[in-house]
Amino acid sequence: MTDPILETSGLTREFRGFVAVNEVDLRVQRGTIHALIGPNGAGKTTCFNLLTKFLQPTRGTMRFEGRDISGLAPAAVARLGLVRSFQISAVFGNLTALQNVRLALQRARGGSFDFWRAETVLNRYNGRARELLDAVGLSEFVDTPASQLAYGRKRALEIATTLALEPKMLLLDEPTAGMTHGDVERIVALIRRVRENRTILMVEHNLSVVEGLCDTITVLTRGRVLAEGDYATVSRDPEVITAYLGSDAAGAVHG
């Protein structure tokens, strides 16, 4: 594959002399699911915050669809189609699933969150909102307030509101964190469903979550790229196994 949608070169972030991300070169190919993984303290969260522009790099460059975005703000990057889920999305607990997605659609079309608008005006978004809810497996919860959704379904709703922004590239920050085994399986299946015509980059801790899901896996440790490849390649890499030993993800490497 030779069509990277997102590239970094020498991406580095220092905090008062501590190098959290160290000369990371990353190439995410268009139309793939790419995982950024590593044990606790590997620097993946800092790297993710750099990619989504919630942190500025100490040095290094980033390009999205060939455009240098190194100096852009998060909102400007989101307008280009690089959208971070669970941060950009807005889920209101007292509103139903349908109302939440409808508000996101309203925002995506250049409007503001006008809660006072007549219901007849907002109803024009209902069709697309229902399509998005169906896409994430929430068609049965259209009229359920977000606060009453189980944790995994609330995460699915957040993904639906993010998809309303029509991202070219969707960035997921540990989408299965804190979930039960059943919820993890549902979110993994959801990511598979929504990948069509999109590129997905996800930060994850556990190799077992990305097994069979991701086309490419980049493993970080101590802020550097340790290994990269498909699951079969990285899960058998001796350095990767060593990096995970002693963490609660070690079993995933040996599995």
Query raised in the report: Within the set of pairs 6+ apart or on separate chains, which have a first residue in segment 192-208 that is within 22 Å of Gly43 (Cβ to Cβ), a second that is hydroxyl-bearing (Ser, Thr, Tyr) and surrounded by fewer than 16 Cβ atoms within 10 Å (Cβ to Cβ), and C-beta atoms under 7 Å apart?
Result: none
Requested in this report: For segment 25-59, enumerate the residues that are touching a residue at least 60 places away in the same chain (Cβ under 8 Å) and either of a type in the set (S, T, N, Q) or outside the structural domain of Thr242 (by TED's automatic domain parsing) (or both).
Outcome: Gln29, Thr32, Asn40, Thr45, Thr46, Thr52
Requested in this report: Taking Thr233 as the residue in question, decide whether it is free of Cβ contacts under 8 Å to residues at least 60 places away in the same chain, in contact with a strand residue (DSSP E or B) (Cβ under 9 Å, 6 or more places away or on another chain) and part of a loop (DSSP other than H, G, I, E, B).
Outcome: no
Query raised in the report: Checking Glu14 against (1) farther than 14 Å from Thr221 by Cα; (2) assigned to a loop (DSSP other than H, G, I, E, B), which single condition isn't satisfied?
Result: (2)
Report summary line: In the set Ser208, Ser247, the lone residue that is touching a Pro at 6+ places or on another chain (Cβ under 6 Å), at pLDDT below 90, in the same structural domain as Ala20 (by TED's automatic domain parsing) and not in a strand (DSSP E or B) is Ser247
Report task. Tell me, yes or no, whether segment 14-37 has at least one residue that is within 23 Å of Pro175 (Cα to Cα) and out of contact with any strand residue (DSSP E or B) (no Cβ under 8 Å at 6 or more places or on another chain). Result -> no
Query - Residue identified as assigned to a helix (DSSP H, G or I) and more than 16 Å from Leu226 (Cα to Cα) among Leu50, Leu55 - result: Leu50
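The values are calculated or read from the model by the stated rules, or taken from the named source; none is laboratory data. Remember, predicted model here, so these are calculated numbers, not experimental data. Here the Cβ is made from the backbone with ideal geometry for all residues, glycine too, and neighbour counts use every protein chain on show.
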